[in-house]
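First the structure, in the form of structure tokens, and then the observations on it.
Every number here is computed from the coordinates shown, using simple stated rules; none is lab data. These numbers were taken from a predicted model, which means no experiment stands behind them. Every residue, glycine as well, gets a Cβ built from its backbone with ideal geometry; the counts of neighbours run over all protein chains shown.
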Amino acid sequence: MGHGLAQRPLHPEALYDLLYDPNEAANLVSDPAYVEVLAAMRTRLHAWMQRTDDPLLRGPVMEPGQPFADSPDALHPAGVDAAIKPAWFTRPKLDIRP
């Protein structure tokens, strides 16, 4: 095989014209015609990351530990039926629209 998604190069940054290139075959990051579009997208992304307190703004994020499967009968992850809700569940929802 050797021609699947796993073999596609991962770019640190990507910009595609999904109308004319729905298969995302041509990365437009280095295309001079898209300099302004790329700058606007970078600005929007950074603003969204700040509004949502994205942990990547503070540096690399550690990989998660060993995976586990929840019991299908549990009401809470890891099988603990906790009455205390996690912080992410109780904080106010953010409007991420530009």
List MET62, MET41 from most exposed to least, where exposure is judged by having the fewest other Cβ atoms within 10 Å. MET62, MET41
A correct Karplus calculation of ³J(HN,Hα) over region 7-13, with 6.51 cos²θ - 1.76 cosθ + 1.60, θ = phi - 60°, whole Hz and x for Gly and Pro, returns 8, 5, x, 9, 8, x, 8
For a quick check: sort GLU24, GLU63 by the number of other beta carbons within 10 angstrom, fewest at the front. GLU63, GLU24
Please turn the phi angles of region 52-64 into ³J(HN,Hα) values with the Karplus equation 6.51 cos²θ - 1.76 cosθ + 1.60 (θ = phi - 60°), one per residue in order, whole Hz, x for glycine and proline. 9, 6, 4, x, 5, 5, 9, x, x, 9, 5, 5, x
